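Structure first, commentary second.
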Amino acid sequence: MCGITGYIGGRQAAPVLLGALEKLEYRGYDSAGVAILEEPGGRLFVRKAEGRLQALAGLLARETPRGALGIGHTRWATHGEPSDDNAHPHTDLSGKIAVVHNGIIENYAPLKEWLQARNVVFKSDTDTEVIVHLVDYYHREDAGRSGIFGAVKKALRRLEGSYALAVISSDFPDRIIAARKDSPLIIGLGQGENLLASDAPALLAHTKTVLYLEERELAALYRDHADVFNEDGERIIRRPETIEWDNESAEKGGFAHFMLKEINEQPRALGNTLRPRLKQAADGALDIHFDELAGAALAEAKRIVITACGTAYHAGLLGKFLFEGLARIPVEVDIASEYRYRNPLSAPGDLFIVISQSGETADTLAAMRLAKKAGGRVIALTNVIGSTLAREADFTVNTLAGPELAVASTKAFTSQLMCLCLLALSLGRDRGRIKGGEFQRLVRALQRIPDQAGDILAKQETVQKFAARHFNKNKVFFMGRQADYCVSMESALKLKEISYTHSEAFAAGELKHGPIALVDPGTLVAAFATQDALFDKIVSNIREATARGAKALVITWEGERAFNAAADEVFFIPKTETPFSPLLSIIPAQLFAYYCAVQKGNDPDKPRNLAKSVTVE
Ligand code: AGP
């Protein structure tokens, strides 16, 4: 959604805030702004600009503010169109208080009326603006006696919805007040300076020592320390934690875009996911062990329920094939936003696996809380240590993909899949469904996956050339059977979100039940074929499409000739065990989406209308 940041210390705040906003821009990029306490003078310098961060950077280059305290924001509009007025920070009528906010204030309409009845004139169409006027109202109500902290605390009691916010006031030039509910907020502790941000990469250039703010907590940041409080204003002792990611892993490292870098990082990310979970006995036999799941009693589960959104949901769908196929345990998979509202049935013995790259997706968190309320054991599969999901779940499996900053998820997806493969295999073994020799064969196949992913990436130029020929197709349909259908869904999502091409996924056998009516000479059909027993069926499905003028691409095993006659082009992926094929077959589709986006002149890292982390409903 939006990204917020704040700085208090001995350096000039403007470049620090801009640097942090650059790292947060993936969260929203329709406008940006800063408020800095000017020195000398003690007035708030506020500048906001519609559009990408460069617009704001341009403004600040022309009139650089001097001051060592400030807050900043990069916006993904929810209430009010992208514009200078609707950009954050928002200020009170006197211009002494400024607020940045990520989240949605659901009761902003009655609050706005209440404030308007008290002569407040609003300058924007945002929900956020009510916050700053409420803070000002409570500040004036007790003549400033409880300070800006007391005023924020009182204002928060009036708010319904979600927020991570930071407030500064020129009357209190030594502090930033922050608070969170249902939106992430991290405090970075530096030497003689402190920072805050919605996400860790914005802090890494300055510090790796952080405090995670919990639900409904507030914080006061000073130059030399930071205090955490509960919603009643009582001090809380919070132990600082260390972020393991380095600053370099949050940089582009010579790649044109984060997305391309993250696609190319998959061999390493997959290895990082796999390695800590593999143990080798003295006789060379391999075993799978998740230390973090000690006590989770996986093998006792009667049913697994997986919930997630978007790409993580597609990983969950593939998880169903893995758990049902390898461990013979029933699995239900639900989109989190559906699960939370459909009054789901749960039973004792249900094991919930909640998947989320960010660990902050609002719908996914709500689904997790519902599952916990129903008495279920929840395992979180997430890429962000310290995220809300990781902290609230009973057990957390870290996917260890490293920071993923491009809006389109790639390496986080394959790392989620790798975790699911490992979990399903170990569960299959524990439930007696996979015996020794077969288990060893399958684990060794997983061990080869990182190198095989590297082999596919070594040939990425083929995909680039293919994209150069087909990027302007008006429709791209992905199809496949079984797990290949789920890979098709992920491929279609990837292509539509960054190339804006109309793209759908079909279970290949369903084509003739309706979707084929859409096929015409402007259509590209891409078929995944890794289910050997169904190759003849896929050939027929391809012919159904090409007979109507479509061009056909097939993604299949290295050396497979079954599709040479039917398809216009075939991409080969290295052979692995069938249940693990999605780990490899998705890579050409990720590359295809990336290169189509680039061909069209889109920014794949910041696709229109999207944000990396969907922390509102
Ligand atoms: C992925 O390319 C998408 N941007 C999106 O579908 C994403 O996977 C979804 O919003 C879930 O995010 P999460 O994994 O952080 O919960």
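The values are calculated or read from the model by the stated rules, or taken from the named source; none is laboratory data. If you're wondering where the values come from, they're calculated on a predicted model, not measured in any experiment. Reconstructed Cβ throughout: ideal geometry from the backbone, glycine too, with neighbour counts over all protein chains shown. Accessible surface is based on the protein model in full, side chains and every heavy atom, while ligands, DNA and RNA are left aside. Shrake-Rupley method; radii C 1.70, N 1.55, O 1.52, S 1.80 Å.
Residues of the range 536-582 that are part of a strand (DSSP E or B), in contact (Cβ under 8 Å) with a residue 24 or more places away in the chain and among the hydrophobic types (A, V, I, L, M, F, W, C): ALA552, LEU553, VAL554, ILE555, TRP557, PHE571, ILE573.
Residues in the range 80-116 that are touching a Leu at 6+ places or on another chain (Cβ under 7 Å) and open to solvent by 50 Å² or more (accessible area, probe 1.4 Å): LYS96 alone. Does the range 235-256 include one or more residues that are under 25 Å from ALA13 (Cα atoms), modelled with pLDDT of 95 or more and more than 25 Å from the chain's Cα centre (by Cα)? No: zero hits.
Within the group ALA68, ALA61, ALA49, ALA77, which residue is surrounded by fewer than 16 Cβ atoms within 10 Å (Cβ to Cβ) and assigned by TED's automatic domain parsing to the domain that holds GLU106? Can you show your working first?
Values: ALA68 fails: surrounded by fewer than 16 Cβ atoms within 10 Å (Cβ to Cβ); ALA49 fails: surrounded by fewer than 16 Cβ atoms within 10 Å (Cβ to Cβ); ALA77 fails: surrounded by fewer than 16 Cβ atoms within 10 Å (Cβ to Cβ).
One residue alone meets the criteria, ALA61.
Consider only pairs whose beta carbons are under 8 Å apart and that are at least six residues apart or on different chains; among these, list those whose first residue lies in the range 295-314 and is among the acidic types (Asp, Glu) and whose second residue is surrounded by fewer than 16 Cβ atoms within 10 Å (Cβ to Cβ). Filtered contacts from the range 295-314: GLU300/GLY349.
Looking across ARG469, ARG433, ARG448, ARG441, one residue alone is more than 30 Å from LEU24 (Cβ to Cβ), without any contact (Cβ under 8 Å) to a residue 12 or more places away in the chain and surrounded by fewer than 21 Cβ atoms within 10 Å (Cβ to Cβ). It is ARG469. Applying the set (1) more than 15 Å from the ligand (Cβ to nearest atom); (2) modelled with pLDDT under 95; (3) surrounded by 15 or more Cβ atoms within 10 Å (Cβ to Cβ) to PRO348 leaves exactly one unmet item: (3). Filtering the range 520-534 to residues that are outside any loop (DSSP other than H, G, I, E, B) and more than 18 Å from ARG469 (Cβ to Cβ) leaves PHE528, ALA529, ASP532, ALA533, LEU534.
Of all residues in the range 267-289, none that is of a type in the set (Asp, Glu) has its Cβ atom under 6 Å from the Cβ atom of a residue that is open to solvent by less than 90 Å² (accessible area, probe 1.4 Å) and part of a loop (DSSP other than H, G, I, E, B), 6 or more apart or on another chain. Apart from one condition, ALA458 fits all of (1) more than 15 Å from the ligand (Cβ to nearest atom); (2) among the hydrophobic types (A, V, I, L, M, F, W, C); (3) touching a residue at least 24 places away in the same chain (Cβ under 8 Å); the exception is (3).
Inside the range 278-331, can you point out the residues that are within 16 Å of the ligand (Cβ to nearest atom) and either surrounded by fewer than 20 Cβ atoms within 10 Å (Cβ to Cβ) or among the hydrophobic types (A, V, I, L, M, F, W, C) (or both)?
Our first condition is that a residue be within 16 Å of the ligand (Cβ to nearest atom); within the range 278-331, this holds for 306-319.
Those that are within 16 Å of the ligand (Cβ to nearest atom) and either surrounded by fewer than 20 Cβ atoms within 10 Å (Cβ to Cβ) or among the hydrophobic types (A, V, I, L, M, F, W, C) (or both): ILE306, ALA308, CYS309, ALA312, ALA315, LEU317, LEU318.
Can you find even one residue in the range 500-510 that is within 16 Å of the ligand (Cβ to nearest atom), within 20 Å of GLY310 (Cα to Cα) and touching a residue at least 40 places away in the same chain (Cβ under 8 Å)? Yes, the range 500-510 contains a residue that is within 16 Å of the ligand (Cβ to nearest atom), within 20 Å of GLY310 (Cα to Cα) and touching a residue at least 40 places away in the same chain (Cβ under 8 Å).
Let's see how each residue does on (1) touching a helix residue (DSSP H, G or I) at 6+ places or on another chain (Cβ under 8 Å); (2) at pLDDT 95 or above:
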position: THR382; (1), (2): yes, yes
position: ALA406; (1), (2): yes, no
position: PHE413; (1), (2): yes, yes
position: CYS421; (1), (2): yes, yes
position: ALA424; (1), (2): yes, yes
position: ILE434; (1), (2): yes, yes
position: ARG441; (1), (2): no, yes
position: LYS465; (1), (2): no, yes
position: HIS470; (1), (2): yes, no
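When SER387, SER337, SER415, SER356 are screened for being open to solvent by 10 Å² or more (accessible area, probe 1.4 Å) and closer than 25 Å to TYR26 by Cα, only SER337 passes. Of the residues in the range 559-579, none is open to solvent by less than 10 Å² (accessible area, probe 1.4 Å) and within 16 Å of the ligand (Cβ to nearest atom). Considering ALA380, ALA393, the condition of being closer than 18 Å to ALA424 by Cα, touching a Phe, Trp or Tyr at 6+ places or on another chain (Cβ under 9 Å), within 15 Å of the ligand (Cβ to nearest atom) and free of Cβ contacts under 8 Å to residues at least 60 places away in the same chain is satisfied by ALA380 alone.
Of the residues that make up the range 411-427, is at least one more than 16 Å from the ligand (Cβ to nearest atom) and in contact with a Gly (Cβ under 6 Å, 6 or more places away or on another chain)? No: the range 411-427 contains no residue that is more than 16 Å from the ligand (Cβ to nearest atom) and in contact with a Gly (Cβ under 6 Å, 6 or more places away or on another chain).
Quick one: which of GLY72, GLY58, GLY51 is under 18 Å from ALA178 (Cβ atoms) and at pLDDT 90 or above? Spell out the reasoning first.
Values: GLY58 fails: under 18 Å from ALA178 (Cβ atoms); GLY51 fails: under 18 Å from ALA178 (Cβ atoms).
Only one candidate passes the filter, namely GLY72.
Residues in the range 454-470 that are within 11 Å of TYR595 (Cα to Cα) and of a type in the set (A, V, I, L, M, F, W, C): VAL463, PHE466, ALA467, ALA468.
Among the residues of the range 484-495, write down those that are more than 10 Å from the ligand (Cβ to nearest atom) and surrounded by fewer than 24 Cβ atoms within 10 Å (Cβ to Cβ).
Result: TYR485, MET489.
Checking the condition farther than 30 Å from ALA367 by Cα, not in a loop (DSSP other than H, G, I, E, B) and not assigned by TED's automatic domain parsing to the domain that holds THR361, which residue from ALA445, ALA453, ALA467 passes?
Values: ALA445 fails: not assigned by TED's automatic domain parsing to the domain that holds THR361; ALA453 fails: not assigned by TED's automatic domain parsing to the domain that holds THR361.
None of the other options fit; the residue is ALA467.
When the range 583-604 is filtered for residues that are within 15 Å of the ligand (Cβ to nearest atom) and either assigned to a helix (DSSP H, G or I) or open to solvent by less than 10 Å² (accessible area, probe 1.4 Å) (or both), the ones remaining, listed by number, are ILE586, ILE587, ALA589, GLN590, LEU591, PHE592, ALA593, TYR594, CYS596, ALA597, PRO604. Being in the same structural domain as SER94 (by TED's automatic domain parsing), part of a helix (DSSP H, G or I) and either open to solvent by 10 Å² or more (accessible area, probe 1.4 Å) or among the acidic types (Asp, Glu) (or both): is that true of PHE122 here? Considered against the rule, which asks whether it is in the same structural domain as SER94 (by TED's automatic domain parsing), part of a helix (DSSP H, G or I) and either open to solvent by 10 Å² or more (accessible area, probe 1.4 Å) or among the acidic types (Asp, Glu) (or both), PHE122 comes out as no.
Do we have SER613 as within 28 Å of LEU322 (Cβ to Cβ), within 14 Å of the ligand (Cβ to nearest atom) and buried (at least 24 other Cβ atoms within 10 Å of the Cβ) here? Here the answer is yes, as SER613 does meet what is asked.
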